[in-house]
1. If I fit a long axis through the Cα atoms of helix 293-317 and take the longest principal axis of the Cα atoms of the chain, what angle between them do I get, 0 to 90°, rounded to 10?
2. Once the piece of chain linking residue 162 and residue 302 is laid out straight, how much longer is it, given 0.36 nm per residue of separation minus the C-alpha distance between them?
3. Any idea of residue 87's accessible area? Nearest 10 Å², probe 1.4 Å.
4. Please work out how much accessible surface residue 121 shows to a 1.4 Å probe, ignoring ligands, DNA and RNA, in Å² rounded to 10.
5. Search the structure for amide H atoms under 5 Å from the amide H of residue 225, placed 1.01 Å from N in the peptide plane, and list their residues when 5 or more places away or on another chain.
6. Which cross-chain or sequence-distant (5 or more) residues have an amide H under 5 Å from the amide H of residue 61, H modelled 1.01 Å from N in plane?
7. Considering Cα pairs under 8 angstrom that are at least six residues apart, work out the relative contact order of the range 270-365 and quote it in whole percent.
8. Can you give the FRET efficiency for residue 132 and residue 26, using 1/(1 + (r/R0)^6), R0 = 45 Å, r = Cβ-Cβ distance, to the nearest 0.05?
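The values are calculated or read from the model by the stated rules, or taken from the named source; none is laboratory data. What you see is a predicted model, and the numbers here were worked out from it, not measured in a lab. A quick note on method: Cβ atoms are made from the backbone with ideal geometry, for glycine too, and the neighbour counts reach across all protein chains shown. All accessible areas refer to the heavy atoms of the entire protein, side chains included, with ligands and DNA or RNA removed. Shrake-Rupley method; radii C 1.70, N 1.55, O 1.52, S 1.80 Å.
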Amino acid sequence: MDSTDRVPPGASAALVEALAAGGTVAGLRVRRFVPLARGPLGERLITVDQTNTSVVVGERVVVKWMRPAADGSPDRAPDLLAHLAAVGFTHTPTPYAAVYRDGPDGGLTAVVSGFLPDAADGWDWCVAALLDQLAGGPPADLAGEIGVLAAELHAALATPSETTPEPVTEVRHPAWAAGGLAVLEQAQQLLADLHAEDAGWLAARADRLAADIERSGEVDRAYVIQPHGDLHVGQVLRWRGGLAVTDFDGNPTLATPAGGTLTEPAARDVAQLRTSLLHVGQIADRRTEGRHRAAVSDWCRRAADELLGAYRRTLAERGLAHLFDERLLRPFEVEQECRELCYAARFLPRWRYAPMGVLRSWYQD
């Protein structure tokens, strides 16, 4: 099936039943991770905006029908899911199988995973918690547990498995600064076509942003892993069982090397996760029409610090403190906000206010 087409009714249930029965699926090649038991087969389409099409089967399994990558990049999620399952990481929806079109050039067609009851992603539950605090409710003390989850994920990604026997490698004299500066230049070009005032503001401070990005050049060697690749609060689900991280497809603005595997310092994921908390603040500020701006700013500073502290403590407890080089954090955070501007320009223009709001808070005159 071409996942760019509408998924026919019954196709998801049929796939789940075939996987549970342990048989083959005509025209498809199956890579199994965790055994899937038989159960109810009723279908329900997930209707939120997303690149791919997801169908809940029997309120217990999700079939995500994949849209082929426009750039022909490899499908990284199955390898990461297989690795996480092998090392016993349980803070993600249970990975059951990856399904490919049969044949030598068959690409990823679907990923089948467990359904998490009452799950809400961070763009919902984090924003709701902050809005509740601003309305006089309990403190939105959520950043620490997100930091712990991120550290546990990175510890799992750094644990050897049959899928990834050498998950941590060392790189010397990396060229991250050059890549970040290219993203800054691209953001300026895209913004110039969309909004003159924001483009002017960014151009006037481009040298300061560039100086912060160039600080990654101070790091002459670093450890890299296969990261989550797109780790923002929207990938952190709160459900009946606690927190879980999902969606290992990668960042749509961060290219995988041609013919290679995406490896990055752990700081790349941490930078994106921390800036996404600042975006939660921007969303809450907009929804409250700026009435609580000082309180929102205070929450953002505290939440970013709490996430980082919890992340560092947990990683150290796992004996993996060397994975995280804090010198890379600010360069990657600035680069990430430029990536957010590029994403907004290409896919979601109304999102521009969030990264612009964060940048304005960092580079006030």
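1. That works out to roughly 60 degrees.
2. Net length gain for the segment: 46.4 nm.
3. 40 Å²
4. So the heavy atoms of residue 121 present about 50 Å² to solvent.
5. Residues meeting the amide H criterion: 264, 266.
6. Under 5 Å from the amide H of residue 61: 115.
7. Computed value for the range 270-365: 37 percent relative contact order.
8. 0.35
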